[in-house]
Structures are given as structure tokens and as C-alpha cells.
Amino acid sequence: MAGSNTVTESPWFRRFHPVGTAPARLVLFPHAGGSASYYLDYSAALSPYADVLVVQYPGRQNRFGEPTIDSIGGLADRIHEALQPRADRPLTFFGHSMGSAVCFEVARRFEAEGRDVPAHLFVSGGRAPSLPRDTSYHLLPDNELLAELARLGGTDERVLAEPELRELILPSVRSDYTAVETYLCAPDAVVSSPITALIGDEDARVSSAQARDWERHTTGAFDLRVFPGGHFYLADQRAAVVDLLATHLRR
């Protein structure tokens, strides 16, 4: 699987820096409206410690021609299936915003099989899965939905400034927001994987209390890490987040 090709035989993952002999795998799950390339720098920084797989949701970049999936459960089903042959070594999941819910649901599917996967779950910028979503951005007209995307950050401003590119990304953005805002799991849904929740201290979308509620969804250890910044603190705090993940992977 190692080599210059950045895409595995599965369209669900991109491997920007293949390390076929690594003792562990790190799976990164993007945010709503996001794509695998958002984690390019993270992949480069963490490839010395793990074989980094970045999830690529359908309907964007190299999967532009594929239909989108507008439910967290539907995404989790397909990613869980694609991960089966790649669970031959310890897996660690890191998901940001929508990605936090998706990676939790993938972990639940492994748990249902009686498998101890993942070794650790890092959930970033996302409220606990049993907390109701109080927004309906997916029902907004196109311009208002894109304005919300721009306000939140995390999307290349050059894309949002170009009318033709905005039209191209709209289907995946609306699908992702639909998935997030219609998702809810039972209060007693748990995994055995240890969970670390991460948020920015100025995140208007997720409070510390909402992030701390992730503790109710694991029978393992729990930790909450708060970083300076807003919803996309990941950009400015990359060195600190990479250090946290690298410390875990080295163990």
C-alpha cells in the first residue's frame, strides 16, 4: 500500500504520506463541508508516528461525481465497512465537528462486533452525541447556508468567493449539515474506548459543558482539553494538537 499514490484502493481514505510499516493507524474525520485536504499538514506532522488515513466523504474533491450521504449513520456504516481490512493494527480516531459524531458511530459499530476498536477516540469541536442539535442551517436558502459556512470558518475563502465553485460545493455542504442537524443518539450509547474531547475556548458552537458530556458515552477514561481559539482552533493550535496525538501514538 505504500508508494506515491495518495489514494488507497478505497475511495473512502486518502493517504497523503503513506507509512505501510507503521505500528498503528490514525484515522482523521473532517468537519461538515470539509474534505480530506484540510488535514494535509496534520498528516505530514503525524506520519512519523502512524499510518495516517484521512476520510474522504463522497461528493467532494476526488469523489465529486458520487452522490452525497446525508446521515451520520449512513456515513458511519460505509466507513466502518471500508476500515475492516485496515483494522489489522491499533486504530486511533480523531474527528472534528461533524467528524466527531461520525467517528463515534464508527467506533460503536466496531464495539457491536465485540472488537476493541479504536484504541482511543479524540472528539474535537463537537457536543456530546446525545445532546439535541438546536440549529436548522440545512433548511436555509443557498446564499444563507454558504454565509453560515463562511462565518464559521474552516473553508477556503477562495472557494466561497468564486460563484462557480460555490455551486459545486453546495450539495455536499447541505448534505453534511443535514447529517449533523438530524443526528441524535441515545443517552446510554457508550463505547469502551477512552475519549478525549477537545474544544476552543471561544467556540460559539460548543460549550465546555457540552463537550464534557462526552464522558457519559464511554466506559473508559475521559479527558477534556481546552485550547485557545474558536471552532476551528485546529489551524492556530496545530502544534499543540499534534503533540497531544503524537504522545498518544508513541505509547
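The values are calculated or read from the model by the stated rules, or taken from the named source; none is laboratory data. Everything numeric here is computed off the predicted structure, so don't read it as measured data. Glycine also receives a Cβ, built like all others from the backbone with ideal geometry; neighbour counts cover every protein chain displayed.
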Whether any residue in region 33-41 is farther than 24 Å from Thr178 by Cβ and in contact (Cβ under 8 Å) with a residue 60 or more places away in the chain is what I want to check.
yes
Can you go through Val173, Val226 and tell me which one is out of contact with any Asp or Glu (no Cβ under 7 Å at 6 or more places or on another chain) and either assigned to a helix (DSSP H, G or I) or modelled with pLDDT of 95 or more (or both)?
Val173
Failed criterion for Ala107 (all others in (1) within 13 Å of the chain's Cα centre (by Cα); (2) modelled with pLDDT under 95; (3) not aromatic (Phe, Trp, Tyr) hold)
(2)
Would you mention how many residues in region 46-99 are touching a Leu at 6+ places or on another chain (Cβ under 8 Å) and closer than 24 Å to Thr196 by Cα?
18
Test result for Val117, touching a strand residue (DSSP E or B) at 6+ places or on another chain (Cβ under 8 Å), outside any helix (DSSP H, G or I) and at pLDDT below 95
yes
Of a type in the set (Gly, Ala, Ser), modelled with pLDDT of 95 or more and in a helix (DSSP H, G or I) - does that describe any residue in region 47-67?
no
Please verify whether Asp70 is buried (at least 18 other Cβ atoms within 10 Å of the Cβ) and at pLDDT 95 or above, treating the condition exactly as stated.
yes
